[in-house]
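Peer 1: My questions all concern the structure below.
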Amino acid sequence: DGTLLGDNTDARGFIADLRDHAVDPAGRTVLMLGAGGSARAIAFGLAEAGAASIRILNRTATKAEELATTIVVQFPACRVAHGTLPDDVSAMAAAADLIVNTTSLGMSPNAETSPWPDGLGFDPDQTVYDLVYNPPQTRLLATAAGHGARAINGLGMLIWQGALAFELWTGSMPPIDIMRAAAEDAFGRRS
């Protein structure tokens with residue numbers, strides 16, 4: 001009949017990895033850096049998982065605003081704000097329980113880049129999740145860990161995305177431990 005169906009495992013993979021790290025997004029205030037395709041999936045996943053508030057920052061303010069508007073329409077109980085990256089990071093960072101980098105800043109071969117403003121710290125109660133997994137320790141994650149915050153890279157999300165896609169295709173969940181070992185061998189140890 002010409003109907004095409006598709007699935008996206010980004011959000012489910014991200015939420016599964018958060019939960020593997022004993023981080024439940026329900027009731028949390030989230031600061032998202034970036035408003036591209038990955039950010040869209042992550043924002044929807046966080047709102048669906050019960051995040052109380054999502055603050056979306058992007059270099060192009062209109063992209064952040066468009067994503068925020070879309071989230072509010074679908075999840076009216078979730079408080080959503082938007083702003084400009086990096087200008088509004090300082091104003092929004094302190095209230096965040098979970099900070100998620102969905103940008104490519106820090107990804108190899110540009111590992112020295114970071115979406116986080118120089119000189120701005122983190123709270124030890126914050127969790128910082130960087131979707132980047134190559135290198136395993138980005139400048140953002142090193143800065144977060146240096147301030148005592150919990151730092152998690154995106155390798156677990158990649159593993160869960162693959163596992164969930166495999167399950168969709170085959171009806172069987174693959175062995176996560178074997179997938180994790182292979183990914184860690186290829187990209188380095190999990191944070």
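The values are calculated or read from the model by the stated rules, or taken from the named source; none is laboratory data. Remember, it's a predicted structure, so these values are computed and weren't measured experimentally. Methodologically, a virtual Cβ is constructed for each residue, glycine included, from the backbone with ideal geometry; neighbour enumeration extends over all protein chains shown.
Peer 1: Taking only segment 1-48 into account, find how many residues are assigned to a loop (DSSP other than H, G, I, E, B), among the charged types (D, E, K, R) and within 21 Å of Leu140 (Cα to Cα).
Peer 2: Looking only at that region, the number is 1.
Peer 1: How many residues, within segment 28-44, are surrounded by fewer than 21 Cβ atoms within 10 Å (Cβ to Cβ) and over 12 Å from Lys63 (Cβ atoms)?
Peer 2: Residues meeting the conditions: 4.
Peer 1: In this structure, does Ile159 turn out to be touching a residue at least 12 places away in the same chain (Cβ under 8 Å), within 22 Å of Ser104 (Cβ to Cβ) and touching a His at 6+ places or on another chain (Cβ under 6 Å)?
Peer 2: no
Peer 1: Could you list, in sequence order, all residues of segment 50-72 that are aliphatic (A, V, I, L, M), under 21 Å from Ile15 (Cα atoms) and surrounded by fewer than 19 Cβ atoms within 10 Å (Cβ to Cβ)?
Peer 2: Listed by number, the residues that qualify are Ala52, Val72.
Peer 1: Given Asp24, Asp20, Asp1, which one is over 21 Å from Glu65 (Cα atoms) and touching a residue at least 40 places away in the same chain (Cβ under 8 Å)?
Peer 2: Asp20
Peer 1: Turning to a different aspect of this structure: When the residues of segment 76-85 are narrowed to those that are buried (at least 17 other Cβ atoms within 10 Å of the Cβ) and not aliphatic (A, V, I, L, M), which ends up nearest to Asp118 (Cα to Cα)?
Peer 2: Here the answer is Gly83.
Peer 1: Taking segment 60-110, which residues are part of a helix (DSSP H, G or I) and over 17 Å from Gly37 (Cβ atoms)?
Peer 2: Selection gives Ala61, Val72, Val73, Val89, Ser90, Ala91, Met92, Ala93.
Peer 1: A follow-up question, please. Within segment 89-108, identify whether any single residue is surrounded by 15 or more Cβ atoms within 10 Å (Cβ to Cβ), in contact with a helix residue (DSSP H, G or I) (Cβ under 7 Å, 6 or more places away or on another chain) and at positive phi, and answer yes or no.
Peer 2: yes
Peer 1: Here is a follow-up. Can you confirm whether segment 106-115 contains a residue that is in contact (Cβ under 8 Å) with a residue 24 or more places away in the chain, touching a His at 6+ places or on another chain (Cβ under 7 Å), over 22 Å from Ala49 (Cα atoms) and small (Gly, Ala, Ser)? It would help to see each step written out before you state the result.
Peer 2: In the first step, residues of segment 106-115 are kept if they are in contact (Cβ under 8 Å) with a residue 24 or more places away in the chain; the result is 106-108, 111-115.
Still in the running and touching a His at 6+ places or on another chain (Cβ under 7 Å): none.
The answer is no, given that none of the residues of segment 106-115 is in contact (Cβ under 8 Å) with a residue 24 or more places away in the chain, touching a His at 6+ places or on another chain (Cβ under 7 Å), over 22 Å from Ala49 (Cα atoms) and small (Gly, Ala, Ser).
Peer 1: Does segment 57-78 contain at least one residue that is modelled with pLDDT under 95, out of contact with any Ser or Thr (no Cβ under 7 Å at 6 or more places or on another chain) and among the small types (Gly, Ala, Ser)?
Peer 2: no
Peer 1: Against the conditions (1) buried (at least 17 other Cβ atoms within 10 Å of the Cβ); (2) under 14 Å from Gly13 (Cα atoms); (3) aromatic (Phe, Trp, Tyr), where does Phe122 fall short? Just the number, please.
Peer 2: (2)
Conditions (1) aromatic (Phe, Trp, Tyr); (2) over 16 Å from Asp10 (Cβ atoms); (3) surrounded by 15 or more Cβ atoms within 10 Å (Cβ to Cβ); (4) in contact with a helix residue (DSSP H, G or I) (Cβ under 9 Å, 6 or more places away or on another chain), marked per residue:
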| residue | (1), (2), (3), (4) |
| --- | --- |
| Asp130 | no, no, yes, yes |
| Pro136 | no, yes, yes, yes |
| Gly146 | no, yes, no, no |
| Ala149 | no, yes, yes, yes |
| Leu158 | no, no, yes, yes |
| Gly162 | no, no, yes, yes |
| Gly171 | no, yes, no, no |
